[in-house]
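Scroll down for the structure; my scribbles are underneath it.
All of the numbers you see were taken from the coordinates with simple rules; none came from a lab. Every value quoted in this text rests on a predicted model; they were computed, and no experiment measured them. In this analysis, Cβ positions are derived from the backbone assuming ideal geometry, glycine residues included, and neighbour counts consider all displayed protein chains.
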Amino acid sequence: MSLDRREFLLALAAASALPAAAKAAPWRAGFATVDITPPLGVWMGGYAARKEPAQGIAQPLHAKALAVADSAGRRAVVVSLDVLGLTEPAVDRIAGAVRRQYGLSRQQLLLCSSHTHSGPIIRDQLAVAYDLKPVQWDQVRASTRRIEGQVIEAAGRALGSMQPSRLRWAQGEAGFAANRRTAINLDGPVDHAVPVLAVERPDGRLAGVVFGYACHNTTLPASFVRYHGDYAGVAKADLERRHPGVTALFIQGCGADANPQPRGTLELAEQHGHELADAVDRALAGAAEVTGPLRTAFTTVSLAYAPAPGAEAWRRKLDDENVYVRRHAQMMLDVIARDGRTVAAESAPLHVLRLGSLCMVALSGEVVADYALAIRQKYGRGTWVAGYTDSVFGYVPSARVLREGGYEGGEAMLYFGRPGPFADTVEATVLNGVDALMAAAGVTPAEGT
């Protein structure tokens, strides 16, 4: 049926009067939230000095998922979890189930841990640090299996809830992160950027927000034995309270060498969380639209370890006065007895998720700030660099941090059950892998600069 000229002009005027967000919705996006708080009594991850398992719930822990698709139907899912980190077997089980059930490949799924030190241990991560009885490890394994299923559920629910949407992107700043290696290097860098991705419905209503920060979630001390998301959990809850109906996801940055300052109390966790939520809200006010297409890329790189001691050297460490050194030595001897040698390299997953002009580079492991600063310098402000994605197998130092040594430079790998520090090729290997993925996603160094 045709319109006469007057009807056509009225329809055109009505369309012109619509809010900009209602005229076009180039994306589809959906969210899901699942409570992953374990039962009380499960040991909490992150602190070797902790003396007892979880005794209460100060804040529920969550897995939150964002599913997004462009106008051509290309999809991706980002899941953020309130845990210290995932292990490779946990990632493989989750990714395998998501592939079978929802048809998403590994490159379309990002699993991001907040690195809260007030959440449960995942599988056997940092086993050297904990003196647990077999029944306690059974509780950890049962909790891990439950969380794996809940993450799979969250991904499916987010995919099933996708609606027409518009995406907006901005970058703010928060100042409470501080480089924690000052005893080694007073001029160590810190990344204060707060990247923000807003998801709006066609009527302009805010449906969700994804935000990041590069800082350990360690405001709460080892003596705190209640589940809590630390400053990141406070920021998420604060944003959802300020914006009813919104789902907020936190993405940990390259904060392996940064701690919140000051730290040590629940009140300070709340203070930092509110500061971060304020930074997100300020950024939202100036967010620019993101148009398609969506592109994903994934690879694993092999990070070589420095040459490790032989069996006799490990046997001598069995008499060390440090209990953690003794446990680690016994673990290495068990590996040698089983495999003939300690592991020579680590398989490190790398992702690129490109949403038009916004590109997220997601790195595995505990990554120091140098990586984010270098990648953003090369690829521009429209680059979001995340750490703690997929498996968290240990610290990933830059060449500078490796030379300086210290906890992040290699000492911490003892607690992760690794043979020692990485070789001096580690930074080049990671950055070369990122360059290859950026090229595969169609991103050049000139973009966004």
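For residue 247, the amide hydrogen comes within under 5 Å of the amide hydrogens of 208, 209, counting only partners 5 or more places away or on other chains and with H modelled in the peptide plane. Across the alpha-carbon atoms of the chain, the computed radius of gyration and Dmax are 22.6, 94 angstrom. Roughly how many Å is it from the Cα centre of the range 368-411 to that of the range 297-319, as a whole number? Cα centroid of the range 368-411 versus Cα centroid of the range 297-319: 20 Å apart. Scalar couplings 3J(HN,Hα) for the range 390-401, obtained by applying the Karplus form with A = 6.51, B = -1.76, C = 1.60 to θ = phi - 60°, are 6, 7, 10, 9, x, 7, 10, x, 6, 4, 5, 5 Hz; x denotes Gly and Pro. Rounded to whole numbers, the Karplus 3J(HN,Hα) couplings from phi for the range 53-63 are x, 4, 10, x, 10, 7, 7, x, 9, 9, 10 Hz, using 6.51 cos²θ - 1.76 cosθ + 1.60 with θ = phi - 60°, and x at Gly and Pro. For residue 417, the amide hydrogen comes within under 5 Å of the amide hydrogens of 128, counting only partners 5 or more places away or on other chains and with H modelled in the peptide plane. May I ask for the percentage of alpha-carbon pairs in the range 254-390 that lie more than 23 Å from each other? Roughly 59 percent, once rounded to a whole number.
As an equivalent ellipsoid, the range 86-205 spans semi-axes of 30, 28, 12 angstrom, where each value is the square root of five times an eigenvalue of the C-alpha gyration tensor, largest first. Pairwise inverse Cα distances across the range 151-221, averaged and inverted, put the Kirkwood hydrodynamic radius at 15.3 Å.
Relative contact order for the chain: 17 percent, from Cα pairs under 8 Å spaced at least 6 residues apart, divided by residue count. Residues whose amide H lies under 5 Å from that of residue 62, counting only those 5 or more places away or on a different chain, are 36, 82; hydrogens are built 1.01 Å from N in the peptide plane. Counted over all Cα-Cα pairs of the range 300-340, pairs farther apart than 17 Å make up 37 percent.
Taking every DSSP helix (H) stretch of at least 4 residues in the chain, weighting each as -39,500 (n - 2.57) and dividing the sum by the residue count yields a mean residue ellipticity at 222 nm of -10500 deg cm²/dmol. A simple rule links phi to the HN-Hα coupling: the Karplus curve 6.51 cos²θ - 1.76 cosθ + 1.60 with θ = phi - 60°, which for the range 191-199 gives 10, 9, 5, 10, x, 9, 10, 9, 10 Hz, with x for Gly and Pro.
Residues of the chain were split at every exposed loop site, defined as trypsin sites (Lys or Arg not before Pro) in a DSSP loop with at most 15 other C-beta atoms within 10 angstrom, and the longest piece left, sites excluded, is 206-340.
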